[in-house]
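Enquirer: Let me give you the structure first, and then I'll get to my questions.
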Amino acid sequence: MIRSRRGLLTLSLVLLCAAFLTNESRAEEPAGLRTGPAAWVEEYWDVKPERFDEFVKVYKRDVYSLARRIPGYRGYTFLTNTPDPENPSRPNLFGEKMFLGHYGVHLEGETLTRKVINVGNLLRRTHNVVIVHSLQTWQDAATFRGNLESRHAAAHKGEKYAEYLARTLYPLANNFWEERFHLIKTGLPVEPGTASGGKDADGLSLEPHPSSTNWFKEYFQVEAKQLSAFLEAYNETYAVMKGIPGYRGVTIVTTLAPQGAEAARTGYKNEELGGSSQLYVPQPGVTMDGEVRTDTSINFGSFFKNTYTIITYYETPPGAKLLEIMQKNWEALGNQGDRLERVTKVLFPHALNHWDMQYRAIETSLVPLP
């Protein structure tokens, strides 16, 4: 979901190597994948259910209204795992069990179990909102919070931003923490050029709009030594998914640090990726349970940071029969046989585990209008 010089979002960690993908095709980077903004910042919020609508309005007024004007900022998406009042079955929370059936998962990349270790069942209990911010470079990400504070102070006679949010935003939530990721590739469409005379960052148009698609986060635990092979194999999956009517994506992010020329280009300087290793993180203004000001974030991400290294974001229309369509697309590319058997053999042996999470978007400015 991120804007590459204009707009982009949906996870696309496809570092994509140009080697062989299948017996029938070569592993050229699928058309449409491109380098996106480097820094992907996720905020996890446990919002009080009875104050959810108020939280949406206050966040947009007190945080996003400032963020969208900061140089290097590329948009946001406001996701929730709370049911849609008009469609209570959305999003799909993938059950209460810790082990779920799956056609291809291997335990530690070796033993075919056909069972997901459903870490998402635990993770989703820690939050009901994920807010994603996209920033062009790691330097932009490093100055992001400071820029928010200085802009607020300039508009409010020097008032500290944390003190303001302590009155308006933090009491609406039980907890909040932040995680940062390295975005490698995205498949979302890029709007050409920049808007002339725009009031948003760098002349962009960052006005949010509703999104009615399903937003998926797929988590993979891939070791660094397996990353290239995993991404090479993932090319096949992207090749058949991009033909799904209404599909938008993919954007891939990782907790593995950029290297070499990419690190230099994006200004990466050994920032901690993923969740902090500390459970208690200083966060001025935060209140526990929306009642007691502690100035401390309870970083539940510390419990999960070693359970994955890759997240892929993508969107599909509700009700789409994904596996059926992907099989047809697979055959249309000249392949034969059961695609799931192929993926079981070439993709999942590179991952120690895999699980899915699904959200719905309240609004987004990372993704251009369809």
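Enquirer: What is the sum of charges, Lys and Arg at +1 and Asp and Glu at -1, for the other residues whose Cβ falls under 9 Å from the Cβ of residue 162?
Expert: That works out to -2.
Enquirer: Compute the FRET efficiency between residue 35 and residue 333 as 1/(1 + (r/R0)^6), taking r as their Cβ-Cβ distance and R0 = 35 Å, and round to the nearest 0.05.
Expert: According to the calculation, E is roughly 0.90.
Enquirer: What's the local net charge at residue 115, with K and R +1, D and E -1, over the other residues with C-beta under 13 Å away?
Expert: So the environment of residue 115 carries a net charge of +1.
Enquirer: What FRET efficiency, computed as 1/(1 + (r/R0)^6) with R0 = 22 Å and r the Cβ-Cβ distance, is obtained for residue 103 and residue 321, rounded to the nearest 0.05?
Expert: Step by step, r from the Cβ atoms, then E = 0.90.
Enquirer: Next up: For the pair residue 82/residue 112, report the inter-label distance in nm, with labels modelled 7 Å from Cα in the Cβ direction.
Expert: 4.4 nm
Enquirer: To make sure I understand the rule: partners must be aspartates and glutamates, Cα under 15 Å from the Cα of residue 97, and not fewer than 8 residues away in the same chain. Which ones qualify?
Expert: Candidates past the 8-residue exclusion: 356.
Enquirer: Using a cut-off of 15 Å between beta-carbons, work out the net charge of the residues near residue 94 (Lys and Arg +1, Asp and Glu -1, residue 94 not included).
Expert: Taking every other residue near residue 94 into account, the sum is +4.
Enquirer: What are the ³J(HN,Hα) values, in whole Hz, obtained from phi via the Karplus relation 6.51 cos²θ - 1.76 cosθ + 1.60 with θ = phi - 60°, for each residue of region 316-323 in sequence order, with x given for Gly and Pro?
Expert: Computed from phi, the couplings for region 316-323 are 9, x, x, x, 5, 7, 4, 5 Hz.
Enquirer: Sticking with this structure for a sec: Multiply the residue gap between residue 295 and residue 212 by 0.36 nm, knock off their C-alpha separation, and tell me the result in nm, one decimal place.
Expert: Residue separation times 0.36 nm, minus the Cα-Cα distance, leaves 26.3 nm.
Enquirer: Given the pairs 185/217; 115/185; 48/160, which span a C-alpha to C-alpha distance of over 18 angstrom in this model?
Expert: The answer is 115/185; 48/160.
Enquirer: Sequence gap at least 6, Cα distance under 8 Å: using those rules, report the relative contact order of the chain to the nearest whole percent.
Expert: Once normalised by length, the contact order is 33 percent.
Enquirer: Then there's this: Name the trypsin sites (Lys or Arg not before Pro) in region 33-111 that are in a loop by DSSP and that have at most 11 other C-beta atoms within 10 Å, would you?
Expert: Answer in residue order: 97.
Enquirer: Please give the peptides 175-186, 209-220, 98-109 ranked by average Cβ packing (other Cβ atoms within 10 Å per residue), highest first, as a rough proxy for protection.
Expert: Sorting 175-186, 209-220, 98-109 by mean packing, highest first, produces 175-186, 209-220, 98-109.
Enquirer: Also: Residue 48 to residue 142: extension gain in nm, 0.36 nm per residue of separation minus the Cα-Cα distance?
Expert: Between residue 48 and residue 142, full extension yields an extra 30.9 nm.
Enquirer: With a 10 Å radius around each residue's Cβ, average the other Cβ atoms per peptide and rank 82-92, 229-239, 111-121, highest first.
Expert: So the peptides 82-92, 229-239, 111-121, ranked by packing, come out 229-239, 111-121, 82-92.
Enquirer: Would you compute, from DSSP H runs of 4+ residues alone, the mean residue ellipticity of the chain at 222 nm, taking -39500 (n - 2.57) per run and dividing by the full residue count, rounded to the nearest 500?
Expert: -6500 deg cm²/dmol
Enquirer: Next up: How far is helix 227-241 tilted off the main Cα axis of the chain, in degrees rounded to 10, range 0 to 90?
Expert: Relative to the chain, helix 227-241 is tipped by roughly 80 degrees.
Enquirer: Suppose R0 equals 56 Å; then what is the FRET efficiency for residue 261 and residue 92 from their Cβ-Cβ distance, rounded to the nearest 0.05?
Expert: Computed FRET efficiency for residue 261 and residue 92 comes out at 0.90.
Enquirer: Under the 0.36 nm per residue contour assumption, what length would be gained going from the current alpha-carbon distance of residue 303 and residue 150 to full extension?
Expert: 51.8 nm
Enquirer: Something else now. Spin-label point model (7 Å from Cα, Cβ direction): what's the residue 167 to residue 61 distance in nm?
Expert: Result for the modelled spin labels: 1.3 nm.
Read the figures in this text as sums done on the coordinates, not as results from a lab. Everything numeric here is computed off the predicted structure, so don't read it as measured data. With ideal geometry, Cβ positions are generated from the backbone for all residues, glycine too; neighbour counts draw on all protein chains shown.
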